[in-house]
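J.: The structure follows.
Taken together, the values in this text are just the output of simple stated rules run on the coordinates, not laboratory data. In this text the structure is predicted, and so the values were computed from the model without any measurement. Please note: Cβ atoms are built from the backbone with ideal geometry, for glycine as well, and neighbour counts cover all protein chains shown.
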Amino acid sequence: MTDPAYYGRPIVKPPVWKREIGWYLFTGGLAGASSTMAALARASGNPVLARRAALVATGAVNVSPALLVKDLGRPERFLNMMRVFRPSSPMNVGSWLLLGEGAAASAATLLDLAGVAPRLRTALEMVAGAGGLALSVYTAVLLADTANPAWHEGRRELPFLFAAGAAASAGAAGVLVTPREHAGPARRAMLLGTVGSQAAETVMERRIGPVAGAYSTGEAGRYRKAARILDGAGVALSLTSGRRSRKLGAALALAGAVASRFTVFKAGFQAAEDPRYVLETQRDGRREAVGGAAR
């Protein structure tokens, strides 16, 4: 597996993130897509789904900072990121996005539960819904903006993979917490997101060549296999007519979305630990440069 020229030593530094960041990749997408779903449901005249999706978004968006703080070790490290605004830093922009999204979603949900200020609530839901689109995919940009070959080489597909996975998780959560007669849009989002997530992952693995081995082997490979099984079973059960079957299908799809995020998360660790993946991307880059010069 390793290249003897480097004595098996990593060429790039492995990520220092703990498992909390893997969960953050999931909760951030769930929060963002659920906020967008809540705004769309409100606009389309489905207040039941709007309230349930907003509650999911509020819960997920408030858990996310706790996961970041747990990974950083001390709360002040997270607060230090808010001292400046740096558009060139995906992590800094993401921190501000998470703060703004959390404030808008939480305030809108509280107003809705209290039954007051409906115009302000709607405005805040629209802000949270728009911010949710960015929150669903910014972590993909954050990962791709690194030297890690598994993440950087997949930079074209990762935003689509994360957006689809966020839609799948928000849809699945919506199906679980919303009465069946109001959960139609959530079910469609779950099905389309689940299929889209698997399609984006397949396209990415075919395009990045040997680096795809980081996604299909080791712990990442086990998560990948689990995601495909859970997604397949979730879609199959969701297409049935039974209420319990659909709920079970949604739960499996939600678990599949978690496994998909951890597939990407763990692939980065494995790609950093094995110098072969870095060497392969360097060789491919040189071939493309030589081919471009020849043309």
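J.: Listed highest first by mean packing, meaning other Cβ atoms within 10 Å per residue, what order do 146-157, 212-223 come in?
T.: Numbers: 146-157: 21.3, 212-223: 19.5.
Packing order, densest peptide first, comes out as 146-157, 212-223.
J.: For a quick protection proxy, order the peptides 132-142, 113-123, 192-202 by their average other-Cβ count within 10 Å, most packed first.
T.: The peptides rank, most packed first, as 132-142, 192-202, 113-123.
J.: Run down the lysines and flag those whose C-alpha is under 25 Å from the C-alpha of K13, throwing out any fewer than 8 positions away in its chain.
T.: K70, K266
J.: Compare the peptides 180-189, 101-110 by average per-residue count of other Cβ atoms within 10 angstrom and give them in order, highest first.
T.: My ranking of the peptides, most packed first, is 101-110, 180-189.
J.: Where does helix 47-72 land angle-wise versus the long Cα axis of the chain, in degrees 0 to 90, nearest 10?
T.: 40
J.: Further question on the same structure: Using 0.36 nm per residue, how much length does the chain from R206 to R222 gain when fully extended, once their Cα-Cα distance is taken away?
T.: 3.9 nm
J.: Provide V177, V211, V61 in ascending order of the number of other Cβ atoms located within 10 Å of each residue's Cβ, fewest first.
T.: V177, V211, V61
J.: Using R₀ = 25 Å, calculate the FRET efficiency as 1/(1 + (r/R₀)^6) where r is the Cβ-Cβ separation of L133 and F85; round to 0.05.
T.: Working: r = 20 Å, r/R0 = 0.79.
Plugging the Cβ-Cβ distance into 1/(1 + (r/R0)^6) gives 0.80.
J.: At a Cα cut-off below 25 Å, give the lysines reachable from K247, other chains included and same-chain residues fewer than 8 away excluded.
T.: K225
J.: Considering the Cα positions of the chain, please state its Rg to one decimal place and its Dmax as a whole number of Å.
T.: So, for the chain, Rg and Dmax equal 20.2, 68 Å respectively.
J.: Between the helical axis of 90-114 and the dominant principal axis of the chain, each derived from Cα atoms, what acute angle in degrees is found, rounded to the nearest 10?
T.: Once rounded, one gets 20 degrees.
J.: Please report Rg (one decimal) and Dmax (integer) in Å for the Cα set of region 110-232.
T.: Reported Rg and Dmax, both Å: 17.5, 56.
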